[in-house]
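Structure first, then comments.
The values are calculated or read from the model by the stated rules, or taken from the named source; none is laboratory data. Not measured: the values here are computed from a predicted model. Here the Cβ positions follow ideal geometry from the backbone for every residue, glycine too, while neighbour counts run over all protein chains shown.
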Amino acid sequence: MKFLCGIETEFGLLIRDPEVKGASMIRQEDLFRRVRDHLFRKKGFGLIDLHQRAYDEPPGNGGFLRNGGRLYVDMGHVEYAAPECGTILDLVAMDRAGDLLLTEALEELGLSGEVSFIKNNIDHQTLATFGSHENYSVPRSFPFNERGLDPLVVFLSTRQIFAGAGRVGASYVNDVILPFPGESPTVSYQISQRADYVVNTFYQWVQMNRSIVNTRDEPLADPLQFRRIHLLLGDSNMSQYALGLKVGTTRLVLGLIERGEAPRMTLADPVATVRGLSHDLSMEWVVELSDGKTIGAVEIQQRFYEAAERAFRGESDDTDWVLDGWRGILTDLSKKDPTLVADRVDWAQKLVLLEDFSREEGVSWQDPWMESLDLAYHDTNPETGLFYPLEEEGTHRRLVSPSAIRQALRDGPVGTRAQGRSLAIRKILDNPQILDYIIQWFGVQVDEGEILYMLDPYRSYRQEVEDYFAHLTRERGPEEASS
Amino acid sequence: MNGAGFHEVRPQSFVGIEDQDRVPLPTRKGGGPDAPAPKNLDPKPIRDRMLDRMKKVDPKQSERYRQRTGE
């Protein structure tokens, strides 16, 4: 089974100055532009777009980065799209490189005391939510229909028990559409950030009708060979371990569906399941199936794990790591004690921290301070954020080293087309004679010349990129090339 | 990518990835699960330091954090 995955993260921005409250949106957009311009125009971290990519992406709105990923302003957020990664470690390093890139930009601009990028998915004051989108490449033959996707719905609805990032409180923004049975209960803390905002099982668009499985068909590769599974259900993870397990288990389940070996079961109400599980801190997590029977979410995950164990054990070190981690986390979750998984799971880590604070300081869960601490957990500034010290101390497990994350700012992942894209970007940045270029996920064009298509995301295109630029140099002649 | 390892285990093979492209990048020193833990100059236990850090969080900052709906 091939693995190819990418993550897109929309960041929030916390402005600490209480005086800008009324104009914070305008101030945020101004700050986004300053950060973007600093990274592309001053630091040379990538190539700013020269062309109109889409109606809402004019020239200069963003660009591709040296590592093959992308940074841009989208829907009022700075969005970082990690490049296509062929291993879990690469994905985790590339994802965290985005945090580092933005945090260091604020520091270099002298703004880190004033503002922080927040890697979360909600604010506590408005109806807003914003995404962490997962992308998985699967063959075109993948059974992308309701019957084929039923197992994926079951898996994703219950995956939050180890992938959720946790949040203080709840949002009943969707109760107009989907009222909770009885009155909306008071929720001090829940395990997922996004659960309250999911209203549909399948849908193709992404705003105001968020679904468990997004059905948009935009492969950004050869459409006859590939499909891109685009998921917007998940939370932004601070935990490297949770991120690795989230994408690793999801890819294995997609592989089971491809092979026709996924457990067959359907939920009575997938959307209600997503929200109900998230609100259940007892960790009982009882789920109703479409045949009227009930089952625990841990047991559902256990069935998927066992099927994946049979199908994929020994296929690669990545696969074996996922299987071991999956088994371990389910064993610990079954004991119904969040402290047992706090070293690997964001929602449990945050809960342990906040419960300790509440107890020590006598601050109730309804105090706005708890919401502020919730945000601080996702603060990407290592000086002020609550998560990074836990990782630094070894309290929370990590998968990749700080040096690997720093390297991921500069070098693309190996063995996917992001490697070729990264190489092309470096060659353009190193050659001031190149005045015009178009970089896309699926190809590169320089000075209105030939287009180098990269339609197979599993190929590096390294040699093709070398040949492309060698040809360009020859066409220009030795005089121009050497000047 | 070099420098990244699952608990000191380096993946050896990757199904579907071009073998010739698994060229290791230069190794860098420092960090990582297999590296010595950084020296901690603060002798207070991590729990105490986390409580101190949490106390410094502005209790009102969530009221100022207002974002646009994204996607």
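Among the residues making up segment A:303-324, those that are farther than 13 Å from A:R251 by Cβ and within 14 Å of chain B (Cβ to nearest Cβ) are A:R313, A:G314, A:D317, A:D320, A:D324. Looking only at segment A:423-453, residues that are hydroxyl-bearing (S, T, Y) and either out of contact with any Leu (no Cβ under 8 Å at 6 or more places or on another chain) or modelled with pLDDT under 95 (or both) come to 1 in all.
Taking each residue of segment A:348-373 that is among the β-branched types (V, I, T) and looking for partners that are surrounded by fewer than 18 Cβ atoms within 10 Å (Cβ to Cβ) and assigned to a helix (DSSP H, G or I) with beta-carbon atoms closer than 9 Å, six or more apart or interchain, yields A:V352/A:T339. Within segment A:345-366, does at least one residue satisfy the condition of being in a loop (DSSP other than H, G, I, E, B), at the interface with chain B (Cβ under 10 Å from one of its Cβ atoms) and not hydrophobic (A, V, I, L, M, F, W, C)? Among the residues of segment A:345-366, not one is in a loop (DSSP other than H, G, I, E, B), at the interface with chain B (Cβ under 10 Å from one of its Cβ atoms) and not hydrophobic (A, V, I, L, M, F, W, C), which makes the answer no. Hey, can you tell me all the residues within segment A:348-386 that are hydrophobic (A, V, I, L, M, F, W, C), in contact with a Ser or Thr (Cβ under 6 Å, 6 or more places away or on another chain) and closer than 25 Å to A:G131 by Cβ? Once the filter is applied, which keeps residues that are hydrophobic (A, V, I, L, M, F, W, C), in contact with a Ser or Thr (Cβ under 6 Å, 6 or more places away or on another chain) and closer than 25 Å to A:G131 by Cβ, segment A:348-386 yields only A:L375.
From the list A:F387, A:F442, the one residue that fits, being among the aromatic types (F, W, Y) and surrounded by fewer than 21 Cβ atoms within 10 Å (Cβ to Cβ), is A:F442. Of A:W369, A:W365, all but one fail to be closer than 28 Å to A:S188 by Cβ, surrounded by fewer than 18 Cβ atoms within 10 Å (Cβ to Cβ) and of a type outside the set (D, E, K, R); the exception is A:W365.
Given the criteria part of a helix (DSSP H, G or I), at pLDDT 95 or above and buried (at least 23 other Cβ atoms within 10 Å of the Cβ), does A:L277 qualify? So A:L277 passes the test.
Residues in segment A:184-236 that are surrounded by fewer than 19 Cβ atoms within 10 Å (Cβ to Cβ) and of a type in the set (K, R) were compared, and the one that is farthest from A:Y453 (Cα to Cα) is A:R216. Restricting segment A:395-424 to residues that are out of contact with any Pro (no Cβ under 9 Å at 6 or more places or on another chain), of a type outside the set (A, V, I, L, M) and facing chain B (nearest Cβ under 7 Å) leaves a set whose member that is nearest to A:F117 (Cα to Cα) is A:P402. Taking segment A:127-242 and the strands (runs of 3 or more DSSP E) fully enclosed by it, the elements with 2 or more residues that are of a type in the set (F, W, Y) are at A:198-203.
The criterion of at least 2 residues that are farther than 24 Å from A:I122 by Cα and either within 12 Å of chain B (Cβ to nearest Cβ) or in contact with a helix residue (DSSP H, G or I) (Cβ under 7 Å, 6 or more places away or on another chain) (or both) is met by the following strands (runs of 3 or more DSSP E) wholly inside segment A:4-111: A:46-48, A:62-65. Any chance segment A:16-39 includes a residue that's β-branched (V, I, T) and without any contact (Cβ under 8 Å) to a residue 12 or more places away in the chain? Within segment A:16-39 (the criterion being β-branched (V, I, T) and without any contact (Cβ under 8 Å) to a residue 12 or more places away in the chain), the answer is yes, since at least one residue qualifies.
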